[in-house]
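What follows is calculated from the coordinates using simple rules that are stated; it is not laboratory data. Note that the structure is a prediction, hence the values are computed from the model and not measured. So basically every Cβ, Gly included, is an ideal-geometry build from the backbone, and we count neighbours across all protein chains shown.
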């Protein structure tokens, strides 16, 4: 799985490529947690681009729901 992080008009966009399963979900959680911590308190606009994610298991879905 590859994750590219970019900013556009106040929105943090994560372009994700590849399957999000098992340990990949933990990596996604780590990236999201780092972004949220770096933004401080308040509203954070986060967009997950899943266009190139062919498969996701329940651990990946859990990370997204928890964010």
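Quick rundown of the values:
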{"read-out": "Meets criteria (without any contact (Cβ under 8 Å) to a residue 60 or more places away in the chain and within 18 Å of residue 8 (Cβ to Cβ)) for residue 34", "value": "no"}
{"read-out": "Single residue of 51, 27 found to be without any contact (Cβ under 8 Å) to a residue 60 or more places away in the chain, outside any helix (DSSP H, G or I) and on the phi < 0 side of the Ramachandran plot", "value": "51"}
{"read-out": "Single match in 13, 3, 64 (criterion: surrounded by 12 or more Cβ atoms within 10 Å (Cβ to Cβ), in a helix (DSSP H, G or I) and touching a strand residue (DSSP E or B) at 6+ places or on another chain (Cβ under 9 Å))", "value": "64"}
